[in-house]
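A quick write-up on the structure given underneath.
The values are calculated or read from the model by the stated rules, or taken from the named source; none is laboratory data. In this text, all values refer to a predicted model and were calculated from it rather than measured experimentally. Note: ideal-geometry Cβ built from the backbone for every residue, glycine included; neighbour counts use all protein chains shown.
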Amino acid sequence: MVNGTLFVVSAPSGAGKTSLVKALLASAPNFNVSVSHTTRPARPGEVDGEDYYFVSRKEFMAIKQANGFLENACVFDNYYGTSRTFVEDRLRKAENVILEIDWQGAAQVKQNMPDAISIFILPPSLEVLEQRLRHRRQDSEEIIARRMREARDDIEHCKDFDYIVMNDDFDTAVADMRAIFHVTDLRRDKQLQKYGSLFGLI
């Protein structure tokens, strides 16, 4: 049986990664978004178990020591990690999984699962990115300045990803990501699993 595909989506903060993934999921029933564990406090409107699993630093470290994370990283002084069990179970069930993680986590996933497909979301420009961060009205001036410094570093790593999507026009970016997901379904192993028996190929 062919496993599902693991997709890793990364972007600098404010580039629209989460909005793009949500738009894709609305028309892709065979996709699962892995809910990460984090030690950061919940923001207004976030729900434990849906947006993140909000855990203490002690709980996070216990999971990490038990090799329970497929990847983990420290971002803005908070820890984030992806459940290894969740991802592996879904892939074995031939379901696709999307991880929304930073470039550090994406590099770890690629080491552990080389077949994962990585996608980096670019903002139209650094100026537009800063405007988006300010429009959210969630961060102080100090945090915004720090996020912009981190964004420059994040963008330097886009060259390590399999695909790069520019999020200038939202609908176009959604279509570009949908095309990546579709072409992955046309890979030889998946197509042979579907149609190989018709021609005695499997």
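From the residues in the stretch 89-100 that are touching a residue at least 12 places away in the same chain (Cβ under 8 Å) and among the acidic types (Asp, Glu), which one is farthest from residue 70 (Cα to Cα)?
Result: 95.
Could you check how many residues of the stretch 10-39 are closer than 15 Å to residue 102 by Cα and assigned to a loop (DSSP other than H, G, I, E, B)?
9
Return the residue satisfying two criteria in turn: it lies in the stretch 19-57 and is modelled with pLDDT under 90 and polar (S, T, N, Q), and of such residues it is farthest from residue 136 (Cα to Cα).
30
Out of 31, 60, 7, which single residue is of a type in the set (A, V, I, L, M, F, W, C) and touching an Asp or Glu at 6+ places or on another chain (Cβ under 9 Å)?
31
So is residue 94 farther than 22 Å from residue 17 by Cα, of a type in the set (A, V, I, L, M) and at pLDDT below 90 or not?
Criteria met by residue 94.
Can you tell me how many residues within the stretch 66-108 are surrounded by 15 or more Cβ atoms within 10 Å (Cβ to Cβ) and either assigned to a loop (DSSP other than H, G, I, E, B) or polar (S, T, N, Q) (or both)?
The total comes to 10.
I'm trying to understand the selection: among the residues of the stretch 109-122, which are exposed (fewer than 13 other Cβ atoms within 10 Å of the Cβ) and either farther than 23 Å from residue 36 by Cα or in contact (Cβ under 8 Å) with a residue 60 or more places away in the chain (or both)?
115 - this is the single residue of the stretch 109-122 that is exposed (fewer than 13 other Cβ atoms within 10 Å of the Cβ) and either farther than 23 Å from residue 36 by Cα or in contact (Cβ under 8 Å) with a residue 60 or more places away in the chain (or both).
In the stretch 45-65, is there at least one residue being of a type in the set (S, T, N, Q), within 24 Å of residue 158 (Cα to Cα) and either under 18 Å from the mean Cα position of the chain (by Cα) or not in a helix (DSSP H, G or I) (or both)?
no
Each row is one residue, and each column tells you yes or no for (1) within 23 Å of residue 148 (Cα to Cα); (2) surrounded by 16 or more Cβ atoms within 10 Å (Cβ to Cβ); (3) without any contact (Cβ under 8 Å) to a residue 24 or more places away in the chain; (4) not polar (S, T, N, Q).
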| site | (1), (2), (3), (4) |
| --- | --- |
| 13 | yes, yes, no, no |
| 18 | yes, no, no, no |
| 33 | no, yes, no, yes |
| 40 | yes, no, no, yes |
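Please go through the stretch 168-188 and give me each residue that is surrounded by fewer than 11 Cβ atoms within 10 Å (Cβ to Cβ) and in a helix (DSSP H, G or I), ordered by number.
Listed by number, the residues that qualify are 171, 182, 188.
Look through the stretch 123-160, keep the residues that are without any contact (Cβ under 8 Å) to a residue 40 or more places away in the chain and not in a helix (DSSP H, G or I), and return whichever of them is farthest from residue 19 (Cα to Cα).
Once the filter is applied, the top-ranked residue is 140.
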